[in-house]
1. Among the numbered criteria (1) at pLDDT 95 or above; (2) surrounded by fewer than 18 Cβ atoms within 10 Å (Cβ to Cβ); (3) within 21 Å of E32 (Cβ to Cβ), which one does F129 miss?
2. Taking the condition part of a helix (DSSP H, G or I), among the β-branched types (V, I, T), within 24 Å of L146 (Cα to Cα) and modelled with pLDDT of 90 or more, does I73 pass?
3. Consider A123 against the criteria (1) touching a residue at least 24 places away in the same chain (Cβ under 8 Å); (2) under 16 Å from the mean Cα position of the chain (by Cα): it satisfies all of them except one. Which criterion is unmet?
4. If the Cβ limit is 7 Å and pairs must be 6+ apart or interchain, which residue in region 56-69 that is under 12 Å from L145 (Cβ atoms) pairs with which residue that is acidic (D, E)?
5. So A109 clears everything in (1) without any contact (Cβ under 8 Å) to a residue 24 or more places away in the chain; (2) among the aliphatic types (A, V, I, L, M); (3) touching an Asp or Glu at 6+ places or on another chain (Cβ under 8 Å) except one condition, right? Which one?
6. Given (1) modelled with pLDDT of 65 or more; (2) basic (K, R); (3) surrounded by 15 or more Cβ atoms within 10 Å (Cβ to Cβ), identify the lone condition not met by R8.
7. Determine, yes or no, whether L58 is modelled with pLDDT of 90 or more, under 20 Å from L118 (Cα atoms) and surrounded by 13 or more Cβ atoms within 10 Å (Cβ to Cβ).
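The values are calculated or read from the model by the stated rules, or taken from the named source; none is laboratory data. It should be emphasised that the depicted structure is a prediction, and the values quoted were computed from it without experimental measurement. Ideal geometry is used to build each Cβ from the backbone, glycine not excepted, and the neighbour counts take in all protein chains shown.
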Amino acid sequence: MSERETTRLVAWSQELRRVHARLREALRVTREAVAGGASGEAATRELLLYCHGFCAALDSHHRGEDSTLFPAIAATNPELRPVLRSLEQDHSMIGHLLGGLSEAVGRAAPPEELDRHLDGVAALMENHFRYEERQLLTVLESLELLAEPGEVLGPL
């Protein structure tokens, strides 16, 4: 086994932590854009950009986990299938909340409404990330999955 393959075998837990940190930061920046309360067409476009970027990044992360990471974990750790199903259900709920946020941003909802949407996403996202890390980081340290991190955990 080459050094790159060895690094890849133990790097999935680090990659997951990095992606979660970037998504948390993207949410923080989005919330700051909403809190800025600027109005006008330019401010609306900027907010749309932040929200769209955050929503797309989080959705891509979850799609990569559902299609590549979770099946690889289930194949080697079948006892984790209930955990993986629970995480996939979270992905679905977060997707629904992101859809509501996107719709609110698209119709230029007031900042208070956008903030409520972001509160919901933030609460579920943080709970999900913590549970996922508690349940999967040890498994990810030894997972043999040769794939590009962007395909598995999203392009962040």
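1. All conditions are met except number (2).
2. Taking the combined requirement at face value, the residue satisfies it.
3. (1)
4. Partner pairs satisfying both residue conditions: G64/E151; T68/E151.
5. Here A109 clears every test but (3).
6. Among (1) modelled with pLDDT of 65 or more; (2) basic (K, R); (3) surrounded by 15 or more Cβ atoms within 10 Å (Cβ to Cβ), R8 violates only (1).
7. So L58 passes the test.
Condition check ((1) more than 19 Å from H20 (Cα to Cα); (2) modelled with pLDDT of 95 or more; (3) surrounded by 14 or more Cβ atoms within 10 Å (Cβ to Cβ)) across all residues:
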residue	(1), (2), (3)
G64	no, no, yes
D90	no, yes, yes
G99	yes, no, no
H117	yes, no, yes
A123	no, yes, no
